[in-house]
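The structure appears below as structure tokens.
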Amino acid sequence: MAMKKSFKGLFYTPYILWLAMFVIAPVALIIYYSFFDIHHQFTFSNYRVFFESGTYLTMTANSVLYAFLITVISILISYPMALVISRLKHRDLWILLVILPTWINLLLKAYAFIGLLSRDGLVNNLFEFFGIPAQQMLFTDASFILVAAYIQIPFMILPIYNSMTDISDSYIRASSDLGATKWQTLTKIIIPMTMPGIKSGIQIVFIPSLSLFMLSRLIGGNKIITLGTAVEEHFLTTMNWGMGSTIGVVLIISMVVVMLFTNTKRKGRRS
Amino acid sequence: MDNRASKLGKFYIIFVFLLMYMPIFYLIIYSFSKGTTMANFDGFTLSHYGELFADKRMLAIFLDTILIALLSSLFSTIIGTMGAIAVHNTKRRHQRETLLSLNSILLVSPDVIIGASFLIFFTALKLPLGFWSVLLSHIAFEIPIVLLMVLPRLDEMSPSLINAAMDLGATSTQILSKITLPFIQPGIIAGFFMAITYSLDDFAVTFFVTGNGFTTLSVEIYSRARQGISLEINALAGIMFIFSLVLVGIYYLIENHNLSSGRKLDRVEVPDR
């Protein structure tokens with residue numbers, strides 16, 4: 001029996017070690033660092049600066065607003081996508097087409113938009129074709145939101161699609177047998193039943209959208225418009241790790257809030 | 001009610017698919033352009049691919065990226081599988097839930113937080129930034145996904161299999177190597193594969209912990225893209241697109257194999273960035 005115990009311990013050790021070193025320690029360190037200023041003195045001033053100076057609060061509000069817009073746009077585009085695909089004959093094949101772009105490196109997709117949105121890029125050419133004067137599109141907030149939504153859409157479609165394929169056909173048939181219109185079936189049956197999918201989609205999309213610093217750098221220009229950009233700026237450019245950690249702690253807290261709002265008790269699907 | 005998608009619906013998804021794929025094909029088409037920008041297509045050439053293959057620095061970065069991906073996936077698969085067995089063996093439900101929520105922290109945290117906290121961690125340990133810090137970070141953020149791919153397989157395994165083996169006098173090692181591992185092997189392979197794609201796809205974490213000397217493809221693309229357009233990156237995109245297609249192909253072959261070996265798969269795995 002003792003032998004068996006040590007054998008089991010063998011499995012625990014590396015994993016627990018990993019949990020302690022790479023999950024718990026880093027989070028603890030980031031919280032710890034948020035109480036130190038640039039001269040390694042213990043202080044609350046990072047938090048004071050964060051909550052008293054308008055710039056950080058505005059930036060947080062902006063960041064949340066952008067993430068919200070990105071999430072809403074992706075839901076609006078993804079929900080009908082998931083709905084239609086879940087009813088196609090070869091839906092597995094179609095959903096594969098949704099997944100494929102997620103396997104393409106994110107940076108390459110962002111880079112593509114630098115070309116597409118540039119002054120003489122394809123989008124402006126199309127605009128001119130329809131008689132709209134060419135616009136400066138790169139390095140605007142709107143282009144940042146659209147490109148971010150573009151990148152997030154597959155991650156929104158997949159959980160919604162999964163929850164749609166979970167709905168048994170008999171519910172849909174029952175609802176139409178009882179005289180519901182297609183619209184009623186959609187709003188009364190399908191949407192409520194796919195709520196868990198929408199929620200996990202929001203979780204997957206909203207949190208990263210708060211921190212997409214490479215996109216805001218490449219597409220949004222050099223302005224610091226998201227919490228993620230601010231963290232990157234403080235850690236890698238101004239080397240003020242204390243302030244960076246403070247913003248990081250704010251990010252972690254917003255993440256926890258989003259998780260609490262969107263957590264549905266999902267039971268393992270295995271029977 | 002007919003269960004088919006309407007004409008309008010089909011039109012809609014075709015439209016969205018076109019939008020989804022347009023940037024990717026736009027990149028690849030211009031990789032064959034004679035010009036220097038992504039504005040006017042000036043005739044067909046393979047010169048950008050020539051440039052890319054002649055670029056020794058790019059080749060070294062490519063090999064480093066692959067090396068990091070393979071090594072980190074190997075280690076994370078080993079540790080993740082052990083973790084899955086550990087979680088599976090927990091007796092108390094409450095303990096299992098705690099382990100699983102700790103496991104998912106790295107999966108849901110924003111990349112910048114993982115990157116920044118690992119940077120602090122490595123600096124506190126006085127570990128120099130470079131190959132090793134990148135490798136350790138990749139192993140660290142790949143472990144939870146491997147665990148999530150292996151654990152369902154373990155939970156599916158009937159306890160009577162183990163009991164029977166024990167009754168027949170098998171040792172713990174024999175049970176592990178003859179019963180458990182073969183049974184969960186499909187999950188392990190899928191986990192290894194997901195780990196590779198996580199590694200290849202990562203930008204933010206690597207960007208934080210890479211220091212000056214060492215670069216991966218994502219970081220290199222980022223720093224080049226910040227300087228503007230160079231059609232060599234387009235050529236790289238072309239190659240990486242083919243590469244992704246091959247990876248997807250292999251992955252689905254494995255999944256289909258799993259499917260035919262009795263596992264019912266009706267969930268789509270969501271690769272993360």
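Restricting attention to helices (runs of 4 or more DSSP H) lying wholly within the stretch A:1-91, give those where 2 or more residues are over 30 Å from B:Met166 (Cα atoms). Lay out the reasoning, then the answer.
Values: elements: A:2-18, A:25-33, A:45-52, A:54-86.
The qualifying helices (runs of 4 or more DSSP H) are A:25-33, A:45-52, A:54-86.
Kindly indicate which of A:Ala25, A:Ala67, A:Ala20 is within 11 Å of chain B (Cβ to nearest Cβ) and in contact with a Leu (Cβ under 6 Å, 6 or more places away or on another chain). First the steps, then the outcome.
Numbers: A:Ala25 fails: in contact with a Leu (Cβ under 6 Å, 6 or more places away or on another chain); A:Ala20 fails: in contact with a Leu (Cβ under 6 Å, 6 or more places away or on another chain).
The unique qualifying residue is A:Ala67.
So, A:Leu88, is that one more than 30 Å from A:Thr140 (Cα to Cα), at pLDDT 90 or above, within 7 Å of another protein chain (Cβ to nearest Cβ) and open to solvent by less than 40 Å² (accessible area, probe 1.4 Å) or not? Break it down into steps so the answer makes sense when it comes.
Values: more than 30 Å from A:Thr140 (Cα to Cα): yes; at pLDDT 90 or above: no; within 7 Å of another protein chain (Cβ to nearest Cβ): yes; open to solvent by less than 40 Å² (accessible area, probe 1.4 Å): yes.
For A:Leu88, the condition - more than 30 Å from A:Thr140 (Cα to Cα), at pLDDT 90 or above, within 7 Å of another protein chain (Cβ to nearest Cβ) and open to solvent by less than 40 Å² (accessible area, probe 1.4 Å) - is not met.
Restricting the search to the stretch A:157-185, which residues are under 30 Å from A:Thr226 (Cα atoms) and either in contact with a Phe, Trp or Tyr (Cβ under 8 Å, 6 or more places away or on another chain) or among the aromatic types (Phe, Trp, Tyr) (or both)? Before you say what the answer is, go through the steps one by one.
First pass over the stretch A:157-185, keeping only residues under 30 Å from A:Thr226 (Cα atoms): A:157-161.
Passing the criteria: A:Ile160, A:Tyr161.
So for the stretch B:52-65 (the condition being within 18 Å of B:Ala195 (Cβ to Cβ), of a type in the set (Val, Ile, Thr) and open to solvent by 50 Å² or more (accessible area, probe 1.4 Å)), does at least one residue qualify? Talk me through it step by step, then tell me what you get.
Taking the stretch B:52-65 and keeping what is within 18 Å of B:Ala195 (Cβ to Cβ), we get B:64-65.
Now narrow it down to the ones that are of a type in the set (Val, Ile, Thr): B:65.
Right, trim to open to solvent by 50 Å² or more (accessible area, probe 1.4 Å) and you get none.
Looking through the stretch B:52-65, none of the residues is within 18 Å of B:Ala195 (Cβ to Cβ), of a type in the set (Val, Ile, Thr) and open to solvent by 50 Å² or more (accessible area, probe 1.4 Å).
Being within 19 Å of A:Val72 (Cβ to Cβ) and not hydrophobic (A, V, I, L, M, F, W, C): is that true of A:Thr194 here? If you could, list the steps in order and put the result at the bottom.
Values: within 19 Å of A:Val72 (Cβ to Cβ): yes; not hydrophobic (A, V, I, L, M, F, W, C): yes.
Here the answer is yes, as A:Thr194 does meet what is asked.
Check the stretch B:24-37 and report whether any residue there is within 8 Å of chain A (Cβ to nearest Cβ) and free of Cβ contacts under 8 Å to residues at least 12 places away in the same chain. Don't jump to the end; show me each part of the working.
Quick first cut of the stretch B:24-37, residues within 8 Å of chain A (Cβ to nearest Cβ) only: B:24, B:26-27, B:30, B:37.
Narrowing the set further to residues that are free of Cβ contacts under 8 Å to residues at least 12 places away in the same chain leaves none.
So far as the stretch B:24-37 goes, no, none of its residues is within 8 Å of chain A (Cβ to nearest Cβ) and free of Cβ contacts under 8 Å to residues at least 12 places away in the same chain.
Out of the residues in the stretch B:1-36 meeting the condition of being buried (at least 17 other Cβ atoms within 10 Å of the Cβ) and assigned to a loop (DSSP other than H, G, I, E, B), tell me which one is modelled with the lowest pLDDT.
Across the stretch B:1-36, the extreme among qualifying residues is B:Ala5.
Please verify whether A:Ile145 is among the β-branched types (Val, Ile, Thr), within 12 Å of chain B (Cβ to nearest Cβ), more than 26 Å from B:Gly35 (Cα to Cα) and part of a helix (DSSP H, G or I), treating the condition exactly as stated. Write out each step before concluding.
Numbers: among the β-branched types (Val, Ile, Thr): yes; within 12 Å of chain B (Cβ to nearest Cβ): no; more than 26 Å from B:Gly35 (Cα to Cα): yes; part of a helix (DSSP H, G or I): yes.
The answer is no for A:Ile145.
Kindly check whether there is at least one residue in the stretch A:121-141 that is within 7 Å of chain B (Cβ to nearest Cβ) and not hydroxyl-bearing (Ser, Thr, Tyr). Please lay out each step first, then the result.
Filtering the stretch A:121-141 for residues within 7 Å of chain B (Cβ to nearest Cβ) gives A:121-122.
Applying the additional criterion that residues be not hydroxyl-bearing (Ser, Thr, Tyr) yields A:121-122.
The answer is yes, given that some residue of the stretch A:121-141 is within 7 Å of chain B (Cβ to nearest Cβ) and not hydroxyl-bearing (Ser, Thr, Tyr).
Could you grab the pairs with beta carbons closer than 8 Å, sequence gap of 6+ or different chains, first residue in the stretch A:116-135 and over 10 Å from B:Met38 (Cβ atoms), second one open to solvent by 80 Å² or more (accessible area, probe 1.4 Å)?
So the pair list comes out as A:Arg119/A:Gln136; A:Phe127/A:Pro133; A:Ala134/A:Arg119; A:Ala134/A:Asp120; A:Ala134/A:Glu128.
Within the group B:Leu161, B:Leu102, B:Leu136, B:Leu127, which residue is surrounded by fewer than 23 Cβ atoms within 10 Å (Cβ to Cβ), modelled with pLDDT of 95 or more and either closer than 30 Å to A:Gly228 by Cα or more than 16 Å from the chain's Cα centre (by Cα) (or both)? Even if it seems obvious, please write down each step before you answer.
Details: B:Leu161 fails: modelled with pLDDT of 95 or more; B:Leu102 fails: modelled with pLDDT of 95 or more; B:Leu127 fails: modelled with pLDDT of 95 or more.
One residue alone meets the criteria, B:Leu136.
Find the helices (runs of 4 or more DSSP H) located wholly in the stretch B:168-234 whose residues include 1 or more that are open to solvent by 50 Å² or more (accessible area, probe 1.4 Å), more than 12 Å from every other protein chain (Cβ to nearest Cβ) and farther than 20 Å from B:Leu129 by Cα, and list them. Spell out how you get there, then give the answer.
Values: elements: B:181-201, B:204-209, B:217-226.
By residue number, B:181-201.
For the stretch A:210-223, give me each residue that is more than 9 Å from every other protein chain (Cβ to nearest Cβ) and surrounded by 20 or more Cβ atoms within 10 Å (Cβ to Cβ).
Kept after step one, since they are more than 9 Å from every other protein chain (Cβ to nearest Cβ), are these residues of the stretch A:210-223: A:215-216, A:219-223.
Within the stretch A:210-223, A:Leu215, A:Ser216, A:Ile219, A:Gly220 meet the criteria.
Name the pairs whose Cβ atoms lie under 7 Å apart, with the first residue in the stretch B:84-100 and at the interface with chain A (Cβ under 9 Å from one of its Cβ atoms), the second of a type in the set (Ser, Thr, Tyr) and part of a helix (DSSP H, G or I), and 6 or more positions between them or separate chains?
These pairs meet every condition: B:Ala86/A:Tyr12; B:Ala86/A:Tyr15.
The values are calculated or read from the model by the stated rules, or taken from the named source; none is laboratory data. Keep in mind that what you see is a predicted model, and the values were worked out from it rather than measured. Don't worry about glycine lacking a Cβ; one is built from the backbone with ideal geometry, like all the others, and counts go over all protein chains shown. These accessible areas exclude ligands, DNA and RNA; they are computed on the full protein's heavy atoms, side chains included. Shrake-Rupley method; radii C 1.70, N 1.55, O 1.52, S 1.80 Å.
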